[in-house]
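What follows draws every value from the coordinates through simple rules; no lab data is involved. Just so you know, these numbers come straight off a predicted model, no measurement behind them. Glycine gets a Cβ as well: all are built from the backbone with ideal geometry, and neighbour counts include every protein chain shown.
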Amino acid sequence: MTPELHAKPRLAPGCRLSEQNQQRVLLMPERALRLNGPSLSIVERCDGAHTVQEIVADLQRLYSKAEPQKVEKDILGYLALLHDERALDFE
Amino acid sequence: MQAAIPTPLALVAELTHRCPLHCVYCSNPLEMARRDGELSTEDWKRVFRQAGAMGVLQTDLTGGEPLARADLAEIIRGARAAGLYVSLITSGMPLEEQRLEELVAAGLDHLQLSFQGAREDSSVKFGGARPGAYEHKLRVASWVKKHRIGFTLNFVIHRENLDQLEAMIAMTEQIGPGRVEFAHVQYYGWAFSNRDRLLPSREQLDRSLEILKNAEERLRGQIRVEYVVPDYYAKYPKPCMGGWGRKVILVTPVGHALPCHAARVIPGLRFENVQRRSLHEIWEESEAFCKYRGEEWMVEPCKSCDRHTVDFGGCRCQAYLVAGNAQVADPVCSLSPGRHLVDSIVAEANGADSNRHERGVSRVQSEWAYRTNPA
């Protein structure tokens, strides 16, 4: 699936961001993902308030040296992956 | 050179061995912990704090039936206060709606509900449950759905319920959890005692994998479908527990710290107790955790095998249970000198099936050994 730009991603039930020894982790049933850099910036914004479009715009500003189209493509791919892992819902 | 000691990721907390079910494939030991020896609420809170400080991320509250502990909400609060992600692994049997609300309010992150099949009689037949258990579990599922917590359905699958697999998937879709586990029985504890009735035929297995693969693809994005291939049919062993003393630490109801559910079957291993030493010391220094950690202990063919950092020689308990020696390669491995032992068990499971088919009679079956309850 490709996320729609106006959808608002939100962490799925049973998934939450946490911190362990200064390392941010996404905790979910029977697994955990260590998050750094862009992946952390994306997940922090998956709060049901930001649209996909806003997240893309935010990260394009944050990573202004990267090519904007590539940033968008990477974000959409990462959101789709989290969705398929059932870590994310689109509202 | 000795590699650095890894940080465990998960603490399996066996809160009690008491249970309203008597599953024929229960992973608990045949000899269970007595109620009067169980750790106190304060003991568990201390263990969680020690686990959090070690870098453990998650805890699975299991048993027995963890709901048999009246202090479960307090235990959950203790685990959350220690920074852990808290899963409750339950039969759902003693659960009522209000108690679930208390557990969620205490900080429960995720609930895993077990079903013994997709039919009313499955819980009775395979779980030794009272009639009505199946309907109660369905009610529990509907209550869980009202809360914003993680929800997994768990089906243990085996020779005598694999014909219900498609119905289990349909039932899962109807309930709509975020995740479902189809776990082929692993042969330890009570399951080892009942192996001849639980081990599926090759034909059953292949069909089940096809059904599960289809379900996984079809439900992608809705329900995460996970399944485990039974290792008696595998070419290589499973990396049991992600490697001995690498990722998981299990604490029994009376406080013994173990590298896995089954480790008690290995003769001569001495387990230390969290009432006498810290979890950290036990993890790093105790004989039980050090004995099969890393590679030093390995013998051939594991020692020089390319895969020894992939599967860590497989499962020590299985090596002992099937080949009689916990140090040798897991006999399910096709490279193991003990593979013929597994082959003959598998041949029996398949031979019996074809006989049944040809002659139209069922083979003489042993009685189920139902899991008992501790004193």
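Structure above, values below:
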read-out	value
Above-threshold pairs, the threshold being 20 Å between Cα atoms, out of B:K145/B:K247; B:K125/B:K145; B:K238/B:K303; A:K8/A:K73	B:K145/B:K247; B:K125/B:K145
Calculated FRET efficiency for the pair B:E101/B:E173, C-beta based, R₀ 22 Å, to 0.05	0.25
Ellipsoid semi-axes in whole angstrom, largest first, where each is sqrt(5λ) of the Cα gyration tensor of region B:19-125	25, 17, 13
Convex hull per residue volume in Å³, alpha carbons only, for the protein assembly as shown	161
For region B:130-144 versus region B:160-188, the gap between their alpha-carbon centres in whole angstrom	16
Antiparallel bridge percentage (DSSP; both residues within the protein assembly as shown; nearest 5)	35
Calculated FRET value between B:S366 and B:S344, using beta carbons and R₀ = 25 Å, to 0.05	0.90
Fraction in percent of alpha-carbon pairs per bin - 5 Å, region B:180-312	2, 9, 14, 16, 16, 16, 14, 8, 5, 1, 0
Reference-scaled alpha-carbon Rg (2.2 N^0.38 Å with N residues) for region B:275-356	1.41
Cα centroid separation - region B:211-252 against region B:27-68, whole Å	23
Sum of -39500 (n - 2.57) over DSSP H runs of 4+, divided by residues of chain B (222 nm, nearest 500)	-9500 deg cm²/dmol
√(5λ) per eigenvalue of the Cα gyration tensor, region B:38-191, largest first, Å	28, 17, 15
Cα-Cα P(r), region B:116-259, percent of pairs per 5 Å interval	2, 8, 15, 18, 19, 18, 13, 5, 1
Size-normalised alpha-carbon gyration radius of region B:228-292, reference 2.2 N^0.38 Å	1.21
D (Stokes-Einstein, µm²/s), Kirkwood Cα radius, chain B, 0.890 mPa s at 25 °C	114
Rounded to whole Å, sorted largest first: equivalent-ellipsoid semi-axes of chain A, Cα gyration tensor	21, 16, 11
Least to most buried among B:I249, A:I42 (fewest other Cβ within 10 Å first)	A:I42, B:I249
Estimated FRET transfer efficiency when R0 is 56 angstrom, pair B:L30-A:Y63 (beta carbons, to 0.05)	0.45
Listed residues B:G64, B:G243, B:G176, most fluctuating in chain B (Gaussian network, C-alpha, under 10 Å)	B:G176
